[in-house]
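One structure is given here, and the rest of the page talks about it.
Throughout, read-outs are computed from the coordinates displayed, never taken from laboratory work. Worth saying up front: this structure is predicted, and the values here are computed from it rather than measured. Heads up, the Cβs are rebuilt from the backbone with ideal geometry, glycines too, and the neighbour counts pull from every protein chain shown.
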Amino acid sequence: MIPKTQSPVTAQCVNAARDSRPRFGRFEKGLRYAGTALIASILAACSPNTNDTGSAESAGYAQDMASSYGDGTAAATSWVAEEASPYADVQNEAELLSNTRQLINDSLRSGEGYFSADGTQLIYQSEQPGDNPFYQIFVLDLASGESRLVSPGVGLTTCAWIHPTQDLVMFSSTHEDPNALAKQAEEIAIRESGIERAYGWDYDRNYDIYVANGDGSNLINLSNADGYDAEGSYSADGTKILFASNRQAYSRTLSQAEQALFEDDSSYFMDLYVMNADGSDVTQLTRSPGYDGGPFYSPDGSKITWRRFNPDGTSAEIWTMDADGSNQRQLTADGMVAWAPYYHPSGEYLIYSSNQLGHANFELFIVDTEGARAPVRVTNTDGTDILPVFSPAGDQLAWSTTRTADGTSQLHIADWNHEQALSLLAEAR
């Protein structure tokens with residue numbers, strides 16, 4: 001694929017870009033771009049030595065890739081420099097965020113944290129030392145600072161949520177994959193060998209959505225379909241679960257053209273679905289070519305926001321729709337990677353992450369829910385800032401960031417100034 005600032009390049013350059021582009025999960029899921037500078041930045045964001053699915057690569061190797069390919073420009077017939085972003089000199093972080101601190105301190109990497117409905121707990125994913133190199137799911141008690149493991153400890157996990165009215169947790173897992181332990185051992189062996197590999201999120205067909213008691217016991221498979229079922233979130237009343245899946249690619253015979261697309265990138269067939277909280281009555285909401293993922297309900301349950309990639313995966317924008325899938329609307333149009341949108345509890349705006357300041361720089365932005373005004377930049381501290389989530393009261397923000405001493409991605413939390421956010425949005429043009 002070709003970066004948006006470049007003219008068509010030779011087949012050799014395109015193939016190199018395609019082979020090296022990252023594919024990430026909801027902690028990094030959907031961050032796909034041909035430019036090797038982005039590969040370098042997100043590799044650094046996700047830890048210099050490890051990743052979600054077993055693709056271990058050093059940040060130094062990624063930088064070497066960026067130097068070798070020149071971000072795709074070496075074979076370009078022409079090149080046009082990007083215009084300076086209008087957000088380049090914007091400094092709003094001190095006005096919007098205060099008392100910023102690292103929330104998780106006992107993890108090799110942590111990320112994608114979501115508050116319980118009463119604001120007392122946070123469910124998140126963490127990579128820990130041991131015989132499983134992949135993320136597992138933990139619940140943090142915000143008052144005591146103590147965490148407990150709620151996933152099985154086997155296989156891969158991602159995309160967790162706490163039920164809003166019951167003592168239940170929901171997450172995606174591959175622990176029932178017969179090859180789960182073998183995949184863990186293989187990944188550990190590869191990491192220990194020092195083999196360098198391109199970063200990649202594997203949309204493992206064994207991912208299913210599970211619900212369990214609050215202590216992780218009594219696991220029940222809710223989605224139970226061949227294909228990647230993940231990125232789930234509850235409605236405010238706990239009766240519905242939104243999720244993303246490429247199950248249709250496994251449930252029917254693909255044409256030759258579709259099979260080629262699937263083999264290149266199985267997330268091309270990712271669409272949004274909704275089901276009852278017990279797994280019944282599954283309904284497909286989107287039918288767009290390319291990746292639709294990361295859905296969340298609005299506070300009143302009437303709307304859904306999500307990220308949609310264009311079919312070739314080079315850019316993503318923020319979209320909203322009615323809860324039944326109708327009235328789909330695009331809120332951003334930057335031609336870059338805008339993703340991980342999340343509603344403020346007031347329902348007046350969304351927060352999301354975007355690299356519109358440059359392929360190697362993800363920052364947080366807010367935008368009104370109608371997309372009527374220009375987005376407002378939130379963060380300006382060095383490091384990759386992604387996956388922002390508001391507390392139920394709307395007075396705190398949790399997000400994943402590499403503003404850490406060792407450059408690894410860890411969950412942070414800060415106090416949020418809602419009134420200042422409204423003021424800045426009102427001034428936006």
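With the simple model of a label 7 Å out from the Cα in the direction of the Cβ, A236 to A426 spans 2.3 nm. In terms of its alpha-carbon gyration tensor, the range 99-427 comes out rounded; the largest-to-smallest axis ratio a/c stays below the 1.5 threshold. For the range 211-254, rounded, prolate or oblate, judged on the Cα gyration tensor with a ≥ b ≥ c (square roots of eigenvalues), a/c < 1.5 rounded, else prolate if a/b > b/c? Because a/c hits 1.5 or more and a/b fails to exceed b/c, the range 211-254 counts as oblate. Net charge in the neighbourhood of D177 (other residues with Cβ under 11 Å of its Cβ; Lys, Arg +1, Asp, Glu -1) is -1. Taking a ≥ b ≥ c as the square roots of the eigenvalues of the Cα gyration tensor of the range 232-318, is the shape rounded (a/c under 1.5), prolate (a/b larger than b/c) or oblate? Oblate shape, in that a/c is at least 1.5 and b/c is the bigger or equal ratio.
Stokes-Einstein, applied to the Kirkwood radius of the range 160-207 over Cα pairs at a viscosity of 0.692 mPa s and 37 °C, places its translational diffusion at 245 µm² s⁻¹.
Computed from phi, the 3J(HN,Hα) profile of the range 383-399 under the Karplus parametrisation 6.51, -1.76, 1.60 (θ = phi - 60°) reads x, 7, 10, 9, 6, x, 9, 7, 5, x, 7, x, 9, 9, 10, 10, 7 Hz, with x in place of Gly and Pro.
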